[in-house]
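First the structure, in the form of structure tokens, and then the observations on it.
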């Protein structure tokens, strides 16, 4: 039996790695990957506390978080396609205007 | 252009410190907290089947969970909206509204645009 604190520590570490990626990267695709890391950090917590309470609500909720992440990635990749088409790059710092 | 991620100490120092500081704060908050001993799930309980029952409001699962039918339907609408949004974003705006499907991977179009007609592969 792993105490719940260690799940929380793992989740915090994954979240902070995702935060670091968002703060430092310029590539839009790496942005998406970092957001996925942060969402999955939340998923670790949901599943861990589902185990702690012996109730499956957390695991089911984690499934829904994954579905929302899929929707977010679909829209994000669409935005990246437009970004590449209009600026010939996926560097988010190049797109400084909201018009094209 | 292919770039690989590099750690630049100059510009990445402050975000790195911020991330590490957030981790330290969260760890300091988590470690002294006391949680009850994990209850876990019963030996041989059908976890996957119970999740499936919980998603459709069926009260047949061996492990208790709340019902998620409304969330399930909401996510259905969200996924359709995201799919339509992604297609709308990725669609190419052509001037006359008609567009022929390029089935050769864009090779012919590229040759026509660049002007050279060296055909390496003739199929």
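Here are some notes:
- Taken over segment B:15-46, the criterion of being surrounded by fewer than 15 Cβ atoms within 10 Å (Cβ to Cβ), in a helix (DSSP H, G or I) and within 8 Å of another protein chain (Cβ to nearest Cβ) is satisfied by B:18, B:20.
Residues are listed down the side, and each one gets a yes or a no for (1) over 30 Å from residue B:51 (Cα atoms); (2) within 9 Å of chain B (Cβ to nearest Cβ); (3) crowded, with 19+ Cβ neighbours inside 10 Å; (4) without any contact (Cβ under 8 Å) to a residue 40 or more places away in the chain:
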residue	(1), (2), (3), (4)
A:9	no, yes, no, yes
A:33	no, no, no, yes
A:43	no, no, yes, yes
A:54	no, yes, no, yes
A:65	no, no, no, yes
A:95	yes, no, no, yes
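- Residue B:89 falls short on exactly one of the conditions (1) more than 7 Å from chain A (Cβ to nearest Cβ); (2) without any contact (Cβ under 8 Å) to a residue 12 or more places away in the chain; (3) within 25 Å of residue A:70 (Cα to Cα), and that condition is (1).
- Checking each residue in segment A:50-83 for being under 17 Å from the mean Cα position of the chain (by Cα) and closer than 30 Å to residue B:37 by Cβ picks out A:61, A:62, A:63, A:64, A:65, A:66.
- In segment B:62-73, the qualifying residues are those that are more than 7 Å from chain A (Cβ to nearest Cβ) and surrounded by 14 or more Cβ atoms within 10 Å (Cβ to Cβ), and the one that is nearest to the chain's Cα centre (by Cα) is B:72.
- Hey, residue B:11 surrounded by fewer than 15 Cβ atoms within 10 Å (Cβ to Cβ) and farther than 25 Å from residue A:8 by Cβ or not: yes
All of the numbers you see were taken from the coordinates with simple rules; none came from a lab. Everything quoted here is computed from the prediction, not taken from an experiment. Cβ: placed from backbone, ideal geometry, glycine included. Neighbour counts: every protein chain shown.
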